[in-house]
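The values are calculated or read from the model by the stated rules, or taken from the named source; none is laboratory data. No experiment lies behind these values; they were computed from the predicted model shown. Cβ placement follows ideal geometry from the backbone for every residue including glycine, while neighbour counts extend to all protein chains displayed.
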Amino acid sequence: MRVFCGTDIVHIHRIEKAVIRQGERFLKRVYTAREIALCTSEGQYRIPSLAARFAGKEAIAKALGTGVGPLNISWTDLEILGEDSGAPTAILHDAARERFTSLGGISLAVSLAHEQDIAQAFCVILSASDSMPFDVPTSNSISTSNSISTSTSASDAVSASSDVT
């Protein structure tokens, strides 16, 4: 079993500027119709909610090990809606769904937050597969151990890891 994580942070004013400058073109490129409807109240866009979803899409793409763009996953392949409880829920379409499947994905959770001028998101994907779907750089100077040690101080942690070269 493997865990894949991704995180992102965005200044809310960046999304606000994009909405002001590009309007519907930006919104339709980045968000699905359902996301736009969810982030619209009384004819006004809820910019912090749009920014949080933008960060969420970036976090999901990072957890999937890809970028967002023409050669990777498109923005609208990643959709973040809300449950009745208010918790965000991610729906993967097309290339994002294929990537999730290739990872052996069995579960995806995303968390969104925004406060003042910052929006942040974190994504965790749980995979049933033990293999890596992409090359991971290795180094001869790194070794691993099958043992797990717990310690209560930094000096204990240093001495517990002294066998790592």
Suppose we filter the range 63-94 for residues that are buried (at least 16 other Cβ atoms within 10 Å of the Cβ), over 15 Å from E35 (Cβ atoms) and among the aliphatic types (A, V, I, L, M); how many remain? 3
Inspect the range 127-138 for any residue being among the β-branched types (V, I, T) and modelled with pLDDT under 75 and give the result as yes or no. yes
Which residues, taken from the range 80-92, are of a type outside the set (A, V, I, L, M, F, W, C) and within 15 Å of the chain's Cα centre (by Cα)? P88, T89
Taking the range 1-48 and keeping residues free of Cβ contacts under 8 Å to residues at least 12 places away in the same chain and exposed (fewer than 13 other Cβ atoms within 10 Å of the Cβ) leaves I20, R21, G23, E24, R25, A33, A37, S41, E42, G43, Q44
Going by the structure shown, is V158 surrounded by fewer than 12 Cβ atoms within 10 Å (Cβ to Cβ), closer than 17 Å to C5 by Cα, out of contact with any strand residue (DSSP E or B) (no Cβ under 9 Å at 6 or more places or on another chain) and at pLDDT below 95? no
Name the helices (runs of 4 or more DSSP H) wholly inside the range 25-136 in which the number of residues that are within 15 Å of G6 (Cβ to Cβ) is 2 or more. 47-64, 94-102
Is it the case that G86 is out of contact with any strand residue (DSSP E or B) (no Cβ under 7 Å at 6 or more places or on another chain) and at positive phi? yes
Taking the range 32-61, which residues are closer than 18 Å to H11 by Cα and charged (D, E, K, R)? R46, R53, K57, E58
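Conditions (1) within 22 Å of D77 (Cα to Cα); (2) touching a helix residue (DSSP H, G or I) at 6+ places or on another chain (Cβ under 6 Å); (3) hydroxyl-bearing (S, T, Y), marked per residue:
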{"residue": "F4", "(1), (2), (3)": "yes, yes, no"}
{"residue": "T7", "(1), (2), (3)": "yes, yes, yes"}
{"residue": "H13", "(1), (2), (3)": "no, no, no"}
{"residue": "I20", "(1), (2), (3)": "no, no, no"}
{"residue": "F26", "(1), (2), (3)": "yes, yes, no"}
{"residue": "Y31", "(1), (2), (3)": "yes, no, yes"}
{"residue": "I36", "(1), (2), (3)": "yes, yes, no"}
{"residue": "T40", "(1), (2), (3)": "yes, no, yes"}
{"residue": "R46", "(1), (2), (3)": "yes, no, no"}
Selection status of A51, touching a residue at least 40 places away in the same chain (Cβ under 8 Å) and farther than 18 Å from L108 by Cα: yes
